[in-house]
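Since the structure comes first, as structure tokens, the remarks are kept for the end.
The values are calculated or read from the model by the stated rules, or taken from the named source; none is laboratory data. Values in this document were obtained by computation on a predicted structure and should not be read as measured data. Quick reminder, even Gly has a Cβ in these numbers, built from the backbone with ideal geometry, and neighbours come from all protein chains shown.
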Amino acid sequence: MRAHLVLAVLTSLALAGCGSGPDGGSPDIAATTSTSAMDGAVADPNAPVTAEDAAMPRNAQAFVDAVATSNGYELEAAKLAQSMSMNPGIRNYAGMIITAHTASSAELKAVTSRSAQPLIPAPKPDAEMAADIAALKAAGPGFDQVFAQKQVAAHEKVLGLLQGYAAGGDDPALKDFAAKSAEVVTQHLDAARALKP
């Protein structure tokens, strides 16, 4: 199922580059078509971000929010791993994730503070990430296996987000941030795949 989600995310990223928003620019998360929007309902900007929506950011604010949301999830999951896992490999990986995503959050804030447009990272509620955190908390003795699987899936998802924005985003400084971050996330993904629960 995760492979299908990743394929859907990557396909959505490719298609998002073809769409345009009401002003002729790139679509943002709030303007992205969702099931409720197809039914004629107006999208709620405060609604939780879905996997489909997270794959779509092409404008700076939507991208910044998606990265902030991902960083928040990674930090929470890694802190759980440090407190719940007895596996030294998992605990070391979690420490690396905490260090890297704390740095990523700080770098994101620095880049947005220098932006020509007013950008403030605002993590959005994400139903999938909340479910993943709940699954980690409930995993019990199977925590390490669940954590490793969710780390692979989360890093595949954010890698697609970063690569998509680096290729088609609307803010040059954030495109550079996305490209550099994609390199780090690729290393994290490789490390997550190598975890031995």
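Just a few scattered comments:
- Applying a threshold of 6 Å to beta carbon distances and a minimum spacing of six or more residues, or different chains, the list of pairs starting in the stretch 139-152 at a residue that is basic (Lys, Arg) and ending at one that is crowded, with 17+ Cβ neighbours inside 10 Å reads LYS150/ASP132.
- Selection status of PRO197, part of a loop (DSSP other than H, G, I, E, B), of a type outside the set (Phe, Trp, Tyr), out of contact with any Cys (no Cβ under 6 Å at 6 or more places or on another chain) and in contact (Cβ under 8 Å) with a residue 40 or more places away in the chain: yes
- The lone exception for LYS79 - which of (1) in a helix (DSSP H, G or I); (2) modelled with pLDDT under 95 it fails: (2)
- Condition met for MET86 (at negative phi, of a type in the set (A, V, I, L, M) and not in a helix (DSSP H, G or I)): yes
- LEU119 being among the hydrophobic types (A, V, I, L, M, F, W, C), touching a helix residue (DSSP H, G or I) at 6+ places or on another chain (Cβ under 7 Å) and not in a helix (DSSP H, G or I): yes
- Members of the stretch 162-174 found to be hydrophobic (A, V, I, L, M, F, W, C), more than 14 Å from GLN61 (Cβ to Cβ) and either crowded, with 21+ Cβ neighbours inside 10 Å or at pLDDT 95 or above (or both), listed by number: LEU162
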